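Colleague: Sending over a structure as structure tokens; questions will come in a sec.
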Ligand SMILES: [Zn+2]
């Protein structure tokens, strides 16, 4: 390790001594396991496994593990929970300048099923604060938390191991505000074998819609197989970019650069028979109406990324 890093390490060492291995809890669930919550989860996930709701006593999907001891909107756990804060160490790292925060891994282990009426509580332990590392985001350390979930009879039903990277962002390693803030760009879409034609088409100024070469059914967004006949043979047709608004929403808060505020998003039924989501501009959010005729322009929103952006067709 170089000298600069070992100096920084010395500031973190007391945090390791204080927090690693400190087990905090219990954190109590606000509600007992109920059929209603299981139904909501299964409905949202599209999980139709008969064991979960079919029997006299509903069984909770193990993947609901973390949801049982969620805090409420005020950040509070149910009465009877500890006042100690598992994440105090993250605040201490903030104070040392490691205010960048990103979750890097999350592993769950399922040991027992939960049934209707069970009441969950959890304990949390900071299990590791790594040596300082130089990462692409900046210099920082990995903080690992082990959460243990228990039934009311103290049976361990599952665990979750969560690792965060706490880092000093590269541009602000001195703690001073950046002199010239980096321009915030849109997250680039994934371009793979199945979608590359779509993004390249937009760069070429065309909105390309996939069409099945065997049954002629059009589809969007891009996918490798036809839902109607399961054929993997396809070609594209160039859209006229005309359609009608099927639905819309406008996002006012929070403002998220680089997007406009309010950011008006429309679902459009294109004349080619597929539905597409995109931004609409040139119209006030409260003037949008279902059924409005619209047409998309292809706009290069940043270098190498072009998107269809709708406007109302007069
Ligand atoms: Zn087909």
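Colleague: I'd like to know if the stretch 3-11 contains one or more residues that are in the same structural domain as residue 138 (by TED's automatic domain parsing), surrounded by 11 or more Cβ atoms within 10 Å (Cβ to Cβ) and closer than 30 Å to residue 118 by Cβ.
Modeller: no
Colleague: In the stretch 204-253, which strands (runs of 3 or more DSSP E) lie fully inside it and hold 3 or more residues that are in contact with a strand residue (DSSP E or B) (Cβ under 8 Å, 6 or more places away or on another chain) and within 11 Å of the ligand (Cβ to nearest atom)?
Modeller: 208-212
Colleague: Here's something else I'd like to know. Take the residues in the stretch 21-72 that are in contact (Cβ under 8 Å) with a residue 60 or more places away in the chain and within 23 Å of the chain's Cα centre (by Cα); name whichever of them is nearest to residue 118 (Cα to Cα).
Modeller: Taking the candidates together, the pick is 68.
Colleague: Next question. Against the definition (modelled with pLDDT of 85 or more, within 24 Å of residue 66 (Cβ to Cβ) and surrounded by fewer than 14 Cβ atoms within 10 Å (Cβ to Cβ)), how does residue 155 come out, yes or no?
Modeller: yes
Colleague: Might you check whether a residue that is within 16 Å of the ligand (Cβ to nearest atom), touching a strand residue (DSSP E or B) at 6+ places or on another chain (Cβ under 9 Å) and either at pLDDT 95 or above or assigned to a strand (DSSP E or B) (or both) occurs anywhere in the stretch 184-201?
Modeller: Looking through the stretch 184-201, none of the residues is within 16 Å of the ligand (Cβ to nearest atom), touching a strand residue (DSSP E or B) at 6+ places or on another chain (Cβ under 9 Å) and either at pLDDT 95 or above or assigned to a strand (DSSP E or B) (or both).
Colleague: Scanning for something touching a residue at least 12 places away in the same chain (Cβ under 8 Å), touching a helix residue (DSSP H, G or I) at 6+ places or on another chain (Cβ under 7 Å) and more than 20 Å from residue 210 (Cα to Cα), does the stretch 245-253 turn up at least one residue?
Modeller: For the stretch 245-253, residues touching a residue at least 12 places away in the same chain (Cβ under 8 Å), touching a helix residue (DSSP H, G or I) at 6+ places or on another chain (Cβ under 7 Å) and more than 20 Å from residue 210 (Cα to Cα): present.
Colleague: Of the residues in the stretch 245-297, how many are exposed (fewer than 12 other Cβ atoms within 10 Å of the Cβ) and within 18 Å of residue 218 (Cα to Cα)?
Modeller: Residues that pass the stated criteria total 0.
Colleague: Within the stretch 282-312, which residues are part of a loop (DSSP other than H, G, I, E, B) and either out of contact with any strand residue (DSSP E or B) (no Cβ under 6 Å at 6 or more places or on another chain) or not assigned by TED's automatic domain parsing to the domain that holds residue 249 (or both)?
Modeller: Residues satisfying the conditions are 284, 289, 303, 304.
Colleague: Just need a number here: residues in the stretch 119-138 that are within 20 Å of residue 16 (Cβ to Cβ) and outside any strand (DSSP E or B).
Modeller: Final tally of qualifying residues: 4.
Colleague: Could you grab me the full set of residues in the stretch 97-118 that are on the phi < 0 side of the Ramachandran plot, part of a loop (DSSP other than H, G, I, E, B) and surrounded by fewer than 17 Cβ atoms within 10 Å (Cβ to Cβ)?
Modeller: 111, 112, 113
The values are calculated or read from the model by the stated rules, or taken from the named source; none is laboratory data. The structure displayed is predicted, hence computed values, not measured ones. Methodologically, a virtual Cβ is constructed for each residue, glycine included, from the backbone with ideal geometry; neighbour enumeration extends over all protein chains shown.
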